[in-house]
Amino acid sequence: DLYLRKLCKYILQEYERSFTSGDIIEIFPETTIDHIMPQTRVGDWKKEIDEDTHEKLVHTWANLMPMSINANAGKSNKNWAEVKENLAEEVVFKTTKNVILRNNEWNSNSIEKRADELVDWAKSRWPK
């Protein structure tokens, strides 16, 4: 559970910096921490992920991404296909764009695969 920790925004920003080439972002624009799979299981999300799995994964780093306030407000609890369509061209964060472009679906398998990638990255970033 990273979402409720004070380090959450810092960790997301450090990960974002690792994807930035050229001019590294020194000061991030005002951002929110978005749950890719929404905090509330509604609509298509009820079909996609069962209640226990949702509870287990919803606040994990693998299900979180930085997003501008406006984009997050527009995303809401939409299904994954709508999220991809609406945000593919709008996001300013490379890590967010990476999630959107690399995943045709967002489910427990996608979240767990991303979790493995994030663990590898975190171990190289913070080796101790």
For the range 2-17, what are the residues that are touching a strand residue (DSSP E or B) at 6+ places or on another chain (Cβ under 8 Å), closer than 11 Å to TRP61 by Cβ and open to solvent by less than 50 Å² (accessible area, probe 1.4 Å)? LEU2, CYS8, LEU12
Just to be sure I understand the filter: pairs with C-beta atoms under 8 Å, separated by 6 or more residues or on different chains, first member in the range 88-102 and in contact (Cβ under 8 Å) with a residue 60 or more places away in the chain, second member β-branched (Val, Ile, Thr). Which pairs pass? PHE93/THR31; LYS94/THR20; VAL99/ILE36
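The values are calculated or read from the model by the stated rules, or taken from the named source; none is laboratory data. For clarity, every value in this text was computed on a predicted model and none was experimentally measured. Cβ: placed from backbone, ideal geometry, glycine included. Neighbour counts: every protein chain shown. Remember, those area values only see protein heavy atoms, side chains included, never the ligands or the DNA or RNA. Shrake-Rupley method; radii C 1.70, N 1.55, O 1.52, S 1.80 Å.
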